[in-house]
Amino acid sequence: VVNDKVSILYKRLKECVEGGEGEEPGGREYALKDDLEVYRVYGGKSGRVGRWFYKDKPKSATEARKIFALPGGNHVKKIATILLPSGTKVRESKCAALYGEPGGGTQILCLDPLDTNWWKSDAGMPLK
């Protein structure tokens, strides 16, 4: 039953993301060969825990909003450092231009169930 639920969730995520407006063409899915340090910017309507991460560590909230084309509901107040373990299934793509921002940053969508033990640290996000 759990495997069926995971398969349904995976299928829904895949349908929402592939060719969606949030990514540039050329995204790919794979299992991580090594552990991968990624980042999640959050605040406001965007929570600390979620499936979307970024390979590039932004230097400021302004840069994060620009390269990740974040929606207005993400107030970009904090940044979390996450260590995805080897074997984790992910989808990697470039952020498309959205919300008046150019995008271009590298985003990672975790396709496996999340483990909050992967979250290593949180810090405030400089505005500029």
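The values are calculated or read from the model by the stated rules, or taken from the named source; none is laboratory data. Owing to the predicted nature of the structure, the values given are computational and were not obtained by experimental measurement. So basically every Cβ, Gly included, is an ideal-geometry build from the backbone, and we count neighbours across all protein chains shown. Note: accessible area is taken over every heavy atom of the protein model, side chains too, but ligands, DNA and RNA are not part of it. Shrake-Rupley method; radii C 1.70, N 1.55, O 1.52, S 1.80 Å.
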Top-ranked residue in the range 3-34 [being within 27 Å of residue 61 (Cβ to Cβ) and modelled with pLDDT of 60 or more; ranked as surrounded by the fewest Cβ atoms within 10 Å (Cβ to Cβ)]: 21
So, in the range 35-56, of the ones that are among the basic types (Lys, Arg) and either in contact with an Asp or Glu (Cβ under 6 Å, 6 or more places away or on another chain) or closer than 15 Å to residue 119 by Cβ (or both), which residue ends up most open to solvent (accessible area, probe 1.4 Å)? 48
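Condition first: open to solvent by less than 30 Å² (accessible area, probe 1.4 Å), outside any loop (DSSP other than H, G, I, E, B) and in contact (Cβ under 8 Å) with a residue 60 or more places away in the chain. Now tell me which residues in the range 98-128 satisfy that. Show your work before the answer.
Residues of the range 98-128 open to solvent by less than 30 Å² (accessible area, probe 1.4 Å): 103, 105-111, 119, 125.
If we keep only those that are outside any loop (DSSP other than H, G, I, E, B) as well, we get 106-110, 119.
107, 108, 109, 119 - these are the residues of the range 98-128 that are open to solvent by less than 30 Å² (accessible area, probe 1.4 Å), outside any loop (DSSP other than H, G, I, E, B) and in contact (Cβ under 8 Å) with a residue 60 or more places away in the chain.
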